[in-house]
Amino acid sequence: MKLKNDTNNMLGLTEKEMLIELMEFYTIETLSKLSKLSHVTLNNIKNGEPFSYKTKKLLIDFFNYHCNAFSFESTIPELSSEEAIYLIDTPDGYQRIGEFVTKGKKRCFKINTKNHSIECAENHLIQIDLNNQDSWIMAKDLVIGQMICTMTGNDYINEIIELENQPVYDMSILHENHRYWAGGFSNHNTYKSSIVQKVLANAQKDGLIPVIFDTENAIDDEGAKRLGLDTTKVKYIPTFNIEKCRNDIFKFLNVVKEKGLEGKFIIAIDSLGNLQSAMETTRMEKDSHSMDMGSRARAIGSLLTTCTQLAGLTRTPIIITNHLYDNPGDLHPTLVKNMPGGKKCVYLPSVAVQLMRKPVKADAIKGNAGELAAGQRNYVGIIIRALTAKNRFIKQYLEGELFISFSNGADKYHGLLDLAVELGVIQQAGATYSIDGEKLGYAKSFAEDADFWENKIIPLMQKKIDVNWAYSSEQDKEIKKMEAEASNEGGEEV
């Protein structure tokens, strides 16, 4: 379905945005009658006033009913050729499509059940159980007779056909669960693999050697090179077994320690959510349909314990991607999302960062956002929003943004101006800025000045951050107070 109004929400449409969209089609009187919501309630939603869970459910139900009435079947190439904003049917209601991506040719499969059929890449993720975020499985690992949850209920796979290599596509869904209905199946998408490759490319610049454990077959040589990764200096290990991944990391880091190569490597596991336990593999080999009773969570716990211990000893950073999901039992969405794989996914990592993304238009970015390529939609890049859900080194729940231009790459200074104002390094008065009385003018006059940021602002910001973001005790505060008093008196040392 085409959306008439744009939205900046990265976590799915809000109730207010749903209402505004509905008001493009219905008068307030008609909308009230059809949705069973009073005029007062609808105005409260429009004005951002609080409302009940029952009101929320009635509005969402009618919004999805409306979307169904105006929906149509299409393909990604057809949709990406038009400059329009679309909603797609998902297990979480109709959600906005962010960006379309062409990923080249890959081996594909056709998966059939009695009532549904889908053609997809071999590494395409399909959800077996809508209520279980651990139940994603690649198309190539599905078997005939396997039960799968579809949009019309549980069904059994009765045919799997291997196809020739075909062009494949992806798209981002602007909702935490990153899933959508296609061919009657719940399909998954994220862009975490691209982010990991970008991080590893930057690590290479600092002299580190990346080691990638790929569980999704999502990393290819051509795509990695476009993201700046030198694939000739990468150790690439395809894997799908948790215990095998754990043992390989154990052996590798022990060799690192024995040969004195501490601090030379960086490891990435992409992703934890797609690893299977040895017991799950054994069940599939025996054509067993029995459910997992915790073996996967225990195996992941063992993997994370091994990574934590040896990474510290060998000074080897380990990046692990995982999926996020809301707790369906929560009345309201929480700031920090859940992760599949057991409690150790939460309490063992030193730093946990949640990433959300959205496409952006040129007029929404200050400075040079880059130019649109021939045939490209009106989005020039994406905004990545990061939230430190956990941090053992500095204060948590810090949030920042990164702008990545499709033409120019990552903008090194995006978001720094707002942070500098918050820290008090730069003062803002309306649309102009200054530093301790020295006028800087409008943001466009210095936003892309590398010398201004690198040699003047960033060092001042770093001093503020070292104090402002650090954990501190009452004793620390007392010492700082005494130092400040001594400094003001201009005399005695403390």
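The values are calculated or read from the model by the stated rules, or taken from the named source; none is laboratory data. Only a predicted model underlies this, so the values are computations on that prediction, with no experimental measurement involved. Here the Cβ is made from the backbone with ideal geometry for all residues, glycine too, and neighbour counts use every protein chain on show.
Just a few scattered comments:
- Scanning region 94-151 for residues that are more than 24 Å from the chain's Cα centre (by Cα) and either at pLDDT below 80 or of a type in the set (D, E) (or both) yields K105, E119, D141.
- Filter result (at pLDDT below 90 and closer than 27 Å to W181 by Cα) within region 30-53: Y53
- Residues that are in a helix (DSSP H, G or I) and either of a type in the set (K, R) or in contact with a Gly (Cβ under 9 Å, 6 or more places away or on another chain) (or both), drawn from region 257-283: K257, L272, G273, R283
- Of T215, T231, all but one fail to be at pLDDT 75 or above, β-branched (V, I, T), farther than 22 Å from C307 by Cα and not assigned by TED's automatic domain parsing to the domain that holds A139; the exception is T231.
- Tally, over region 408-447, of residues that are among the basic types (K, R) and touching a residue at least 60 places away in the same chain (Cβ under 8 Å): 1
- Residue list for region 39-64, restricted to those being assigned to a loop (DSSP other than H, G, I, E, B) and either exposed (fewer than 15 other Cβ atoms within 10 Å of the Cβ) or out of contact with any helix residue (DSSP H, G or I) (no Cβ under 9 Å at 6 or more places or on another chain) (or both): N47, G48, E49, P50, S52
- Checked against the criterion of being assigned to a strand (DSSP E or B), hydroxyl-bearing (S, T, Y) and more than 26 Å from E262 (Cβ to Cβ), the candidates Y156, Y236 yield just one match: Y156.
- Given (1) within 27 Å of T306 (Cα to Cα); (2) at pLDDT 75 or above; (3) in contact with a strand residue (DSSP E or B) (Cβ under 6 Å, 6 or more places away or on another chain), index of the condition L348 fails: (3)
- Hits in region 205-228 - residues which are in contact with a helix residue (DSSP H, G or I) (Cβ under 9 Å, 6 or more places away or on another chain), outside any helix (DSSP H, G or I) and of a type in the set (D, E, K, R): D214, E216
- Checking every residue in region 130-150 against the condition of being within 24 Å of K286 (Cβ to Cβ), surrounded by 13 or more Cβ atoms within 10 Å (Cβ to Cβ) and of a type in the set (G, A, S) gives at least one match.
- Taken over region 65-85, the criterion of being at pLDDT 80 or above and buried (at least 19 other Cβ atoms within 10 Å of the Cβ) is satisfied by H66, C67.
- Members of region 385-435 found to be part of a loop (DSSP other than H, G, I, E, B), in contact with a Ser or Thr (Cβ under 9 Å, 6 or more places away or on another chain) and on the phi < 0 side of the Ramachandran plot, listed by number: R392, F393, I394, K395, Q396, L398, D411, I426
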